[in-house]
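The values are calculated or read from the model by the stated rules, or taken from the named source; none is laboratory data. Computed from a prediction, not measured in an experiment: that's the story for all the values here. Heads up, the Cβs are rebuilt from the backbone with ideal geometry, glycines too, and the neighbour counts pull from every protein chain shown.
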Amino acid sequence: MITRDPDAFLAAARRAPADRPATAREVLLVRPDGFRLSGETATDNAYMRPALAVDPARALAEHRALAAAIRARAGLAVTVFDGDPATPDAVFPNNVFANVPGRLVIGAMRHPERQRESRRADIPAWFAARGCAVERLDAEAGVVAELTGSLVIDRARGLGFIGLSERCNEAGARAMHRAFELRASLVFDLSPGEYHTNVVLAVLAGRAAIVCREAIADPAAAAAIVALYGDGAVPITVAEKAAFVGNAIALTPDQVWMSATAERALAPATRAHLRALGFALHTVAMPELEKAGGSLRCCVAEVY
C-alpha cells in the first residue's frame, strides 16, 4: 500500500516482517572530479553554500578518505566511478542510482545537469554485468523521483518514507513505491525549504530512525514514524539537522556513519541515545563536499 494516511500506514508497517537485508552488501561512490557547485541545484537546495569558493583537490582528498574508511571500518567493498565536471552533483549518486536485488533503478531527476548524469552508461553497465535489469523512472512522462534522496527506505521490512518537494512529486512517489518493491509507503510533504527526505530522516538498519519532526509538514506523519520505531526513534533538533545529522547511514547493523560536521553538532542526548541502541559512531571529515548541499549519506549508493 502507498498512502498519505499515517494511521493506515502505521497499521500496515507494524505487520511487515523484518525478513529482508537491513544493510547493503557493498557500496558505490562517484569521485568529485573537477568539483564545483551547481548553479541549477542551488535554486532549491538550501543546504548548498554557493557563495563559498571550493577547493577541488581538498574535495578529492575527502572523497578518498571516505572510500578508505568504509573499506577499513565497515568491511564493505567500495567501487569508485569517475566523476565529470559537467555533472557536478554526481558526487551524490544515491539520488540517481539505487537498486533492489536483481535490478538497478535510475531516477527521474528535476534538473538538467542531473538528468545528464542519469544517462551515463558505465554504472548501468556495471550492474548489468552482475545480472541486473535496468528500470528507468524517467521513461514515464511527468515523473520526478530522486530515489533515496526523496525516499528513505526501511530495507529490512520493505517500508518507504517519501517526502514530496520540488525533487519528488506524487507520480514519482508511486513509481518509487513500485520500483523498490515496498510493502507500505507513507507519503508526506516536507516542510518549506526542505528538498530531500534523507536530510531530515534516516532509518538505521531497520531498528531505529533519526528524525527531525519539524522538517515534516504533517505532524501526524512525523508522529507515525516516531511511533513505529518506539524507543528506536532518535529525535533531532533543527540545528542538528542543519549540520547533516539526519544525513546518516547504517553501513552495518551496528555502525552509524555521518560526517564530522554532523558528529560535532550532536546533542549529548542524541549521542547517548545512539549509543544505547548499540550503534558505534563512525565519522569522516568532508566540509568541502558539504558545500554542495549534501553529506556522507548522499555520497553513498548502496548495493543489495
If Arg110 passes every condition in (1) farther than 25 Å from Asp218 by Cβ; (2) assigned to a loop (DSSP other than H, G, I, E, B); (3) at pLDDT 95 or above but one, which one does it miss? (1)
Quick one: would you say Ala59 is free of Cβ contacts under 8 Å to residues at least 40 places away in the same chain, aliphatic (A, V, I, L, M) and outside any loop (DSSP other than H, G, I, E, B)? no
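Could you list, in sequence order, the residues of region 148-158 that are assigned to a strand (DSSP E or B) and either among the β-branched types (Val, Ile, Thr) or touching a helix residue (DSSP H, G or I) at 6+ places or on another chain (Cβ under 6 Å) (or both)?
Hits for region 148-158 are Leu151, Val152, Ile153.
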Do we find that Arg120 is more than 30 Å from Ala220 (Cβ to Cβ), assigned to a loop (DSSP other than H, G, I, E, B) and either free of Cβ contacts under 8 Å to residues at least 12 places away in the same chain or in contact with a Phe, Trp or Tyr (Cβ under 6 Å, 6 or more places away or on another chain) (or both) in this structure? no
Single residue of Gly149, Gly163 found to be under 17 Å from Ile2 (Cβ atoms) and within 16 Å of the chain's Cα centre (by Cα): Gly163
Condition set surrounded by fewer than 17 Cβ atoms within 10 Å (Cβ to Cβ) and of a type in the set (Asp, Glu), scope region 115-144, selection modelled with the lowest pLDDT: answer is Glu140
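Only residues that are assigned to a loop (DSSP other than H, G, I, E, B) and of a type in the set (A, V, I, L, M, F, W, C): list them for region 123-147, please. Lay out the reasoning, then the answer.
The first filter runs over region 123-147 and keeps only residues assigned to a loop (DSSP other than H, G, I, E, B), leaving 129-132, 140-144, 146.
Correct list: Ala129, Cys132, Ala141, Val143, Val144.
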